[in-house]
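Heads up, the thing below is written out as structure tokens.
The values are calculated or read from the model by the stated rules, or taken from the named source; none is laboratory data. Because the structure is a prediction, the values reported are computed rather than measured. Because the Cβ atoms are built from the backbone with ideal geometry, glycine has one as well, and the counts that use them run over all protein chains shown. Note: accessible area is taken over every heavy atom of the protein model, side chains too, but ligands, DNA and RNA are not part of it. Shrake-Rupley method; radii C 1.70, N 1.55, O 1.52, S 1.80 Å.
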Amino acid sequence: MPCSTTPQIPGKEISETKGVVFGEAIMGANIVRDFAASVRNIVGGRAGAYENSLKNGREIAIQEMLEEAKAMGADAVVGIDIDYESINQGMLMICASGTAVTLKD
């Protein structure tokens, strides 16, 4: 399914707007990963485990959003936005939202 952060799909014309669609993922912290990340913060470097967790959560949120769009009869999603929010201690919420649309042939 074509997706875009812009309000259109390049080279395509929108024929109908179906509505706003969402996808969410809440990722829990892992004590071993947290400890390794804190060590990296002290000595420098990247926290690869956290980066992988963010990537995985983002993919889950986007996939849920696309499935919701498909269920509405859409064939594209435009205006995609992804937000990250820390909730509780060690929990990360990743939300994807966009507008489900159908495209002219």
Quick check: is even one residue across the range 41-51 in contact with a helix residue (DSSP H, G or I) (Cβ under 7 Å, 6 or more places away or on another chain), part of a helix (DSSP H, G or I) and modelled with pLDDT under 90? yes
Output for the range 15-38, where each listed residue is open to solvent by 60 Å² or more (accessible area, probe 1.4 Å), at pLDDT 95 or above and out of contact with any helix residue (DSSP H, G or I) (no Cβ under 8 Å at 6 or more places or on another chain): S15, E16, T17, V20
Can you pull out the residues in the range 1-15 that are more than 12 Å from I62 (Cβ to Cβ) and touching a Lys or Arg at 6+ places or on another chain (Cβ under 9 Å)? P2, K12, E13, I14, S15
How many of the residues in the range 52-70 are crowded, with 16+ Cβ neighbours inside 10 Å and basic (K, R)? 1
Under the condition of being without any contact (Cβ under 8 Å) to a residue 24 or more places away in the chain and more than 13 Å from the chain's Cα centre (by Cα), which residue from the range 71-98 is most open to solvent (accessible area, probe 1.4 Å)? N88
